[in-house]
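Asks: Quick one: structure below, then a few questions.
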Amino acid sequence: MATSNQENNFLKLSIQVSLDGLSFCILNTERKEIIFYRKKVFTAQLDPVKLLQEIETVYKEEPLLSQHINNVILLFSNSLSTLVPSPLFQEENASNYLKFNTKILKTDFIAYDELKEHEMVNVYIPYANVINYFFEKYGEFEYKHTSSILLEELLKLPSQETKMYIYNREKEYDLVVIDDGKLLLCNTFSYETKEDFLYYILFTAEQLNLDPLEFQLLLFGDISKDSDFYEIAYNYIKNIDFLPVFFPFEYHEDTEKPSRESSEFVLLKSL
């Protein structure tokens with residue numbers, strides 16, 4: 001779908017990158033219309049060098065991505081992140097917060113997102129080669145960790161009781177627990193089987209002294225009532241449901257749509 005120079009002023013591009021795949025979405029903010037969407041899933045997890053090669057391939061195949069766009073946000077999806085209370089955060093010590101849960105190299109670039117409203121800082125390792133590539137393409141742009149947007153959106157929701165949220169993707173999910181508007185836990189778990197999927201839910205509940213008969217589990221992302229993962233969780237969690245997800249825009253008639261919108265929750269919420 002071609003766009004005019006005038007229309008380009010109203011475009012916002014959201015790009016989500018992980019070692020497992022890529023997602024791209026362009027929104028016309030004036031018409032509140034998605035005019036481009038593409039998802040690419042890798043058959044195996046890549047390293048950052050090969051990830052960049054895949055990004056370059058997509059840009060050769062999709063001329064719409066190479067047009068001039070002023071408003072660009074790049075999202076990094078990985079487990080190389082940790083949350084720090086704002087009063088305890090010191091920028092010069094950013095790498096020290098991460099070293100307890102991930103291996104850090106001297107050459108690693110450390111970034112952080114401030115969640116000011118919630119007095120938290122999300123410290124993470126982005127892929128510097130990917131940042132440099134997009135800087136050459138678009139100039140100045142915004143980048144964040146996907147968990148920052150996920151938390152900002154979930155903490156907006158009314159919650160006077162304990163709720164556990166599972167944002168499911170291919171072989172991993174983000175698990176977030178919120179009680180009376182306060183974050184209790186945010187972590188990412190990888191799984192292979194439906195038993196793995198259930199284990200981390202019950203293990204987290206046990207660690208936080210949550211009764212599976214009482215707390216509410218809300219699922220979203222790449223999951224449905226037909227899946228084995230939902231079925232096994234349903235057998236153990238009394239209050240289980242799907243999080244209602246709403247996005248305030250339409251799709252252009254020539255634009256591909258996600259197979260399930262909630263599977264691109266962070267990508268679309270960043271627009």
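Where a number appears in this text, it was derived from the coordinates with a stated rule and is not lab data. None of these values were measured; they are calculated from a predicted model. Note that each Cβ is placed from the backbone with ideal geometry, even for glycine, and that neighbours are counted across all protein chains shown.
Asks: Between F242 and E192, take the C-beta separation as r, use R0 = 22 Å, and let me know the FRET efficiency to the nearest 0.05. Mind dumping the intermediate values first?
Replies: Numbers: r = 23 Å, r/R0 = 1.05.
Efficiency computed from Cβ-Cβ geometry: 0.40.
Asks: For a protection proxy built on the mean count of beta-carbon atoms within 10 angstrom, sort 236-246, 139-149, 110-120 highest first, please.
Replies: 139-149, 110-120, 236-246
Asks: Another question, then. Please work out how much length the chain gains when fully extended from E172 to E114, using 0.36 nm per residue of separation minus the C-alpha to C-alpha distance, in nm with one decimal.
Replies: Stretched out fully, the E172 to E114 stretch lengthens by 18.4 nm.
Asks: Okay, moving on. What order do you get for 161-170, 220-229, 88-97 when each peptide is scored by the mean count of other beta carbon atoms within 10 Å, highest first?
Replies: My ranking of the peptides, most packed first, is 161-170, 220-229, 88-97.
Asks: For the pair E214 and K156, what calculated FRET efficiency results from E = 1/(1 + (r/R0)^6), where r is the Cβ-Cβ distance and R0 = 30 Å, to the nearest 0.05?
Replies: 0.80
Asks: Sticking with this structure for a sec: Between their Cα atoms, which of K39/K144; K50/K269; K39/K99; K182/K269; K103/K269; K12/K182 are more than 25 Å away from each other?
Replies: Over 25 Å Cα-Cα: K50/K269; K39/K99; K103/K269; K12/K182.
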